[in-house]
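The structure appears below as structure tokens.
The values are calculated or read from the model by the stated rules, or taken from the named source; none is laboratory data. Just so it is clear, the model here is predicted, and its values are computed rather than measured. FYI the Cβ positions are ideal-geometry reconstructions off the backbone, even for glycines, and counts take in every protein chain you see. We work out accessible area using only protein heavy atoms, side chains counted, and drop any ligands, DNA or RNA first. Shrake-Rupley method; radii C 1.70, N 1.55, O 1.52, S 1.80 Å.
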Amino acid sequence: MSIIVYTLYGFAAFFMIFWVAMWIIHVLALIAGRWKLHRKVAQMPSYETPLPGVSIVKPLMGVDPNLFANLETFFTMNYPTYELLFCVEDDSDPVLMLIHKLMEHYPEVDAKLFVGGCNVGVNPKINNMQPAYEAARYELIMISDSGIRMREDTLLDMVNHMTEQVALVHQMPFTCDREGFAAAYEKIFFGTVQSRVYLAADVLRINCHTGMSALLRKAPLDEVGGLRVFGVYLAEDFFYAKSLLDRGWRITVSSQPAMQNSGHCELHSFQARLRRWAKLRVAMLPLFIILEPLSECLVIGACASWAASVLFEWDSLVFYLVHVLLWFMFDWTLLCVVQNGPLPFNKLEFVCGWLLSEATRPYLFLQALLDPLIQWRSRVYRLRWGGVAEEVKAKVKY
């Protein structure tokens, strides 16, 4: 056999092995979702074994229609000892009015406000949180983005997962039920693509941390210099999780997903988020340039269909259609597991949202590769290999 034939068979074997690996990830995610998500939260322990205190750091910027309701859920949690540390970069930010109103309405809750931040790196989120992190009273630190909505027992659920070997408990990103096709599109993405990777990575103990809602031990972070050390990265969540794993700590996913509830829900803005995340992944792990497009349903389906025709002489069209149908059914099942209740849209809307999501992600990834600059609000950054960021356009003040 010629070298060309051997090469073709080699590529076919690689695609088929990768295709099988993707289906293993599908199965692992479904099993993990059934086993781990939405467990009943244990009852509050007695006074003889008190729960540890938690310092909740909330970096905030700007106001959206759901922000007040989202922030209020942090004042009404069923947890005995915690403090709320609100961080606002600009003293003219209208979010300050909401914080003061909530602090006045819930005077019994230990809440503090930090304005101005501290410049310790290029990452604006780290800069905003640094004064609150230094002032935190408790050993457990929760970092929570502005768009997160909490249930009364969410913090208790996260603390229950913080065993002796665990240094980081993070919530799997998901979304609240909201109206409109853009909201359905977001829920489909987080309930299928993101959940599949998150749950499988948790089983395999691979770092897939997204820091929108995470509970950390402060001491292991302070051993390497605290949060400020990770201010050179934009994806600080990945790198402090990596630091913990490298030193023998475990990270784990809690049983309740992180419920994102932003008041602004638009298709183009969410796709901009997807492009930004893709740029971060490629800069941190360059191998993603090959692996990420290949993991997409339509791409790996086409490659595996060709491989099946080469290796087994199967009908490639039939193989491809069966592959897409099964992927679709697995995604629908996983979304229902993550939702743990009725979906806010019908099956036709799911079909449309799923097809749009699957068809556009390879194109969005290509866009991310062709334009490596990252725009974060009014700032622009360039990433070097390894994830270190440098600011190329400073914030514009109006």
Using a probe radius of 1.4 Å on heavy atoms only, what accessible surface per residue do you get for the chain? Whole Å² is fine.
47 Å²
Most to least accessible of D145, D177 (protein chains only, probe 1.4 Å):
D177, D145
Hey, in the GNM for the chain with a 10 angstrom Cα cutoff, which one of V351, V337, V282 fluctuates hardest?
V351
Take V388 and R247, extend 7 Å from each Cα along the Cα→Cβ direction, and tell me the distance between the two endpoints in nm.
2.1 nm
Given the protein chains as shown and a 1.4 Å probe, how many square angstrom of C118 are accessible, to the nearest 10?
50 Å²
Defining a contact as two alpha carbons under 8 Å apart and six or more residues distant in sequence, what relative contact order in percent does the chain show?
21 percent
May I ask for the angle, rounded to the nearest 10°, between helix 195-204 and the longest principal axis of the chain, with both axes built from Cα atoms and the value confined to 0 to 90°?
90 degrees
Alpha carbon centroid spacing (whole Å) that separates the stretch 109-133 from the stretch 155-199
24 Å
For the chain, the percent of accessible surface on carbon and sulfur atoms (probe 1.4 angstrom, ligands and nucleic acids excluded) is 62 percent
For the stretch 291-320 and the stretch 232-254, distance of Cα centres in Å:
35 Å
Relative contact order of the stretch 43-137, please, whole-number percent, based on alpha carbon pairs below 8 angstrom and at least 6 residues apart.
30 percent
Based only on the alpha carbon positions, what is the Kirkwood hydrodynamic radius of the chain, in angstrom?
22.5 Å
With a ≥ b ≥ c the root eigenvalues of the C-alpha gyration tensor of the stretch 260-348, is it rounded (a/c under 1.5), prolate (a/b larger than b/c) or oblate?
oblate
FRET E, pair M61, Y9, Förster distance 51 Å, beta-carbon r, rounded to 0.05:
0.40
Let me cross-check T81: its accessible surface, 1.4 Å probe, with only protein heavy atoms counted, in Å² to the nearest 10?
50 Å²
Please give the length that would be gained between R377 and F68 if that part of the chain were fully extended, namely 0.36 nm times their separation in residues minus their C-alpha to C-alpha distance (nm, one decimal).
109.2 nm
Top of M162, M16, M97 by mean-square fluctuation, Gaussian network on the chain, Cα under 10 Å:
M97
Ranked by GNM mean-square fluctuation in the chain (Cα springs under 10 Å), the top entry among F330, F238, F319 is F319
Quick one: how many Å² of H38 are accessible to a 1.4 Å probe, rounded to 10?
60 Å²
